[in-house]
Amino acid sequence: MAADLFERFRTRHEIRAITVDAIREITALEWTRIEARSEIPNAPGVYVWATREAPHAVVYIGSASSAVGLSDRVGEEIGWRNDHGIEVGKDALRDEPASMVVLARAPFVRVAFEDDLIVFVAETAQPHWSLDKTAVALPETPEQWEGFLTACAHIVSGRRASIGGGAWNQKATTVAEQMFPAAWARLHDLKSV
């Protein structure tokens, strides 16, 4: 009975999202689910945090540019998520409200922990596909791939991702906006397949 105590006050809220299988097909990059930090490649790339249960709804899209970019950036984010779990555990043992450390965490970190998100990574390269529209720029850099995925997510689901990236990707002159024509053309090419 106690487990249902607040059932009448809550509901499930469904949000449309692009899936990991969709980004595999759209990008034709080799995506790997990361189980441990030691599995993260030391290379530039793009990554997504997604729901654990299939079809793996993408919640967050990111990129890492340095030579050891994915290892550094995704490793850092995994660490933040794990640290958050430790802080939540400490707070559960106290008789006081959650600490400011926990409350101050970025929304992405809290959601990654609370919703038990998993991460998929792909090293970036020039696409192995082309578009009918030759004037459209294709993604090549990690930031362009992130912008491309952000644009694809926006077209497919009506939102960039459940948790948006940095402010750099929210303005009209951003990489996501620049990659929008490529995303639109790629999705239309795949639609006819």
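The values are calculated or read from the model by the stated rules, or taken from the named source; none is laboratory data. Everything quoted here is computed from the prediction, not taken from an experiment. Note that we place each Cβ from the backbone using ideal geometry, even for glycine, and neighbour counts take in every protein chain shown. These accessible areas exclude ligands, DNA and RNA; they are computed on the full protein's heavy atoms, side chains included. Shrake-Rupley method; radii C 1.70, N 1.55, O 1.52, S 1.80 Å.
Matching residues to (1) more than 20 Å from Leu187 (Cβ to Cβ); (2) at pLDDT 95 or above; (3) of a type in the set (A, V, I, L, M):
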| position | (1), (2), (3) |
| --- | --- |
| Phe120 | no, yes, no |
| His154 | no, no, no |
| Gly158 | no, no, no |
| Ile163 | yes, no, yes |
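Just to be sure I understand the filter: pairs with C-beta atoms under 9 Å, separated by 6 or more residues or on different chains, first member in the range 125-151 and within 14 Å of Leu190 (Cβ to Cβ), second member open to solvent by less than 30 Å² (accessible area, probe 1.4 Å) and charged (D, E, K, R). Which pairs pass?
Pro127/Arg186; Trp129/Arg186; Leu131/Arg186; Phe148/Arg186
Please find, among Val102, Val74, the residue that is assigned to a helix (DSSP H, G or I), open to solvent by less than 30 Å² (accessible area, probe 1.4 Å), modelled with pLDDT under 90 and aliphatic (A, V, I, L, M). Steps first, please.
Details: Val74 fails: modelled with pLDDT under 90.
Unique residue meeting the criteria: Val102.
Of (1) without any contact (Cβ under 8 Å) to a residue 40 or more places away in the chain; (2) touching a Pro at 6+ places or on another chain (Cβ under 8 Å), Ser65 satisfies all except one. Which?
Evaluating Ser65 over (1) without any contact (Cβ under 8 Å) to a residue 40 or more places away in the chain; (2) touching a Pro at 6+ places or on another chain (Cβ under 8 Å) leaves (1) as the failure.
Name the residue that is modelled with the highest pLDDT, counting only residues in the range 165-175 that are surrounded by 18 or more Cβ atoms within 10 Å (Cβ to Cβ) and either in a loop (DSSP other than H, G, I, E, B) or within 14 Å of the chain's Cα centre (by Cα) (or both).
My answer is Thr174.
Counting just the residues of the range 49-71 that are open to solvent by 70 Å² or more (accessible area, probe 1.4 Å) and farther than 18 Å from Glu146 by Cα, which one comes out modelled with the lowest pLDDT?
Residue satisfying both the conditions and the ranking: Ala54.
Would you mind stating whether Gly147 is among the small types (Gly, Ala, Ser), within 18 Å of Ala17 (Cα to Cα), at pLDDT below 90 and within 13 Å of the chain's Cα centre (by Cα)?
Working: among the small types (Gly, Ala, Ser): yes; within 18 Å of Ala17 (Cα to Cα): yes; at pLDDT below 90: no; within 13 Å of the chain's Cα centre (by Cα): yes.
Spelling it out, it is not the case that Gly147 is among the small types (Gly, Ala, Ser), within 18 Å of Ala17 (Cα to Cα), at pLDDT below 90 and within 13 Å of the chain's Cα centre (by Cα).
Within 29 Å of Ser130 (Cα to Cα), of a type outside the set (A, V, I, L, M, F, W, C), at pLDDT 90 or above and not in a helix (DSSP H, G or I): is that true of Arg33 in this structure? Steps first, answer last, please.
Details: within 29 Å of Ser130 (Cα to Cα): yes; of a type outside the set (A, V, I, L, M, F, W, C): yes; at pLDDT 90 or above: yes; not in a helix (DSSP H, G or I): yes.
Taking the combined requirement at face value, the residue satisfies it.
Can you tell me which residue in the range 1-48 is farthest from Val119 (Cα to Cα), limited to those that are open to solvent by 90 Å² or more (accessible area, probe 1.4 Å) and of a type in the set (Ser, Thr, Tyr)?
Thr11
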